[in-house]
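A.B. asks: Below you will find the structure I want to go over with you.
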Amino acid sequence: MRIWLVVSVLLSALALAQQDQPTSSAPESTTSTKTETPTAEIKAADSSLPDLTPDANGALSQEQMQRLFRVVADKDEANQKTVRNYTYIERQVENKLDGKGNVKSTEVKTYEILDIYGEQVARLIAKDDKPLDPKDAAKEEEKIQKVIDKRKNESESDRKKRTEKEEKDREEGRKFTREIADAYKFKLVGTEMVGGREAWVIDGEPRPEFVPKMKEAKILTKFHGRVWIDKNDLQLAKLQMECLDTISWGVFLARFHKGSRFTLEQTRVNDEVWLPAYLTAKVDARLALLKGLNVDLEQTYRDYKKFRASTKIVGVGEVD
């Protein structure tokens with residue numbers, strides 16, 4: 001998952017594929033209120049970074065944040081290449097709520113996340129914590145085999161188009177990152193332990209004067225949040241967002257209502273890669289002004305496994 005493409009996260013929620021409820025948006029009690037000066041440590045990690053000493057009010061300049069976010073985004077870009085070497089299990093719990101916030105029904109789905117010729121694919125392996133019946137399992141195997149066959153038989157022109165599109169998407173991600181830095185007024189709150197590692201805690205509030213350069217960036221002014229940046233790896237360790245107002249966009253008039261919240265946390269695996277640990281959302285939305293969506297969603301991840309460098313998928317269930 002591209003952690004900087006916040007819009008993708010939100011759209012995934014509409015597809016009931018990527019979210020759940022978060023913790024309170026208020027500052028956590030374990031956060032140190034002392035604003036530290038991370039200059040030496042962060043410069044040791046990347047000499048291109050500026051002095052991140054906050055001003056007297058604990059604020060960071062827009063230039064400081066732009067530089068920091070760009071470095072973190074570049075590191076995430078490099079991280080994605082290593083992510084492709086891993087498979088893991090993703091468990092989704094969707095609680096549908098009534099108008100009073102009570103759970104009406106719960107659905108649980110478990111996926112095996114695979115990387116097939118550079119494409120991340122989710123294979124459904126269980127529903128409500130029970131293995132799929134033979135018919136559904138066969139459908140999943142057929143889906144995976146289609147992906148394998150498509151890549152194995154991909155023409156040179158199609159491969160070129162795909163790689164060009166992937167590079168275009170990466171560039172759009174980099175542009176969006178720069179928009180994030182411009183869209184918010186940031187404040188360095190202090191430090192906090194995330195997953196046993198020390199992270200800087202930074203709050204972001206929308207800037208009223210922000211004028212987006214990208215159409216997709218308009219949505220940023222409707223959210224505020226907090227990010228935790230790992231001090232050693234300069235990776236995004238955690239993210240919390242809350243919707244400040246009703247958001248409408250898209251040809252299907254999808255809407256998120258005020259109060260929808262999202263939380264993402266990542267974990268370092270094998271001292272080489274950052275992978276998702278959990279993703280949660282509390283979503284109050286409406287699709288096409290017709291279908292209401294009031295759900296708590298939770299995704300947890302486990303069983304991270306690394307492929308051997310020589311591993312090549314040759315067919316469903318066949319790995320060399």
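The values are calculated or read from the model by the stated rules, or taken from the named source; none is laboratory data. Keep in mind it's a predicted model, so treat the numbers as computed, not measured. Every residue, glycine among them, receives a Cβ derived from its backbone with ideal geometry; neighbour counts consider all protein chains shown.
A.B. asks: Of everything in region 67-107, what is among the aliphatic types (A, V, I, L, M), crowded, with 17+ Cβ neighbours inside 10 Å and modelled with pLDDT of 85 or more? Give them in sequence order.
C.D. replies: 83, 93
A.B. asks: Could I ask something else about it? Regarding region 140-150, can at least one residue be identified that is more than 25 Å from residue 90 (Cβ to Cβ) and exposed (fewer than 15 other Cβ atoms within 10 Å of the Cβ)?
C.D. replies: Going residue by residue through region 140-150, those that are more than 25 Å from residue 90 (Cβ to Cβ) are none.
No, because not a single residue in region 140-150 is more than 25 Å from residue 90 (Cβ to Cβ) and exposed (fewer than 15 other Cβ atoms within 10 Å of the Cβ).
A.B. asks: Restricting to region 64-93, name every residue that is among the aliphatic types (A, V, I, L, M) and part of a helix (DSSP H, G or I).
C.D. replies: 65, 68, 71, 72, 73, 78, 83
A.B. asks: Here are some conditions: (1) assigned to a helix (DSSP H, G or I); (2) touching a helix residue (DSSP H, G or I) at 6+ places or on another chain (Cβ under 8 Å). Residue 125 meets all but one. Which one does it not meet?
C.D. replies: Looking at each condition in turn, residue 125 falls short on (1).
A.B. asks: Could you tell me whether residue 295 is of a type in the set (Val, Ile, Thr) and at pLDDT below 70?
C.D. replies: Numbers: of a type in the set (Val, Ile, Thr): yes; at pLDDT below 70: no.
No; evaluated as a whole, the condition is false for this residue.
A.B. asks: I would also like to ask the following. Please go through (1) in contact with a strand residue (DSSP E or B) (Cβ under 6 Å, 6 or more places away or on another chain); (2) modelled with pLDDT under 85 for residue 182 and return the number of the only condition it doesn't satisfy.
C.D. replies: If we test residue 182 against (1) in contact with a strand residue (DSSP E or B) (Cβ under 6 Å, 6 or more places away or on another chain); (2) modelled with pLDDT under 85, just (1) comes out false.
A.B. asks: Please work out which one of (1) free of Cβ contacts under 8 Å to residues at least 12 places away in the same chain; (2) surrounded by 12 or more Cβ atoms within 10 Å (Cβ to Cβ); (3) closer than 30 Å to residue 216 by Cα is the condition residue 115 fails and give its number.
C.D. replies: Single failed check for residue 115: (1).
A.B. asks: Let me ask something additional. Would you call residue 184 surrounded by 18 or more Cβ atoms within 10 Å (Cβ to Cβ), under 30 Å from residue 232 (Cβ atoms) and among the hydroxyl-bearing types (Ser, Thr, Tyr)? Walk me through it before giving the result.
C.D. replies: Details: surrounded by 18 or more Cβ atoms within 10 Å (Cβ to Cβ): yes; under 30 Å from residue 232 (Cβ atoms): yes; among the hydroxyl-bearing types (Ser, Thr, Tyr): yes.
Yes: the conditions hold for residue 184.
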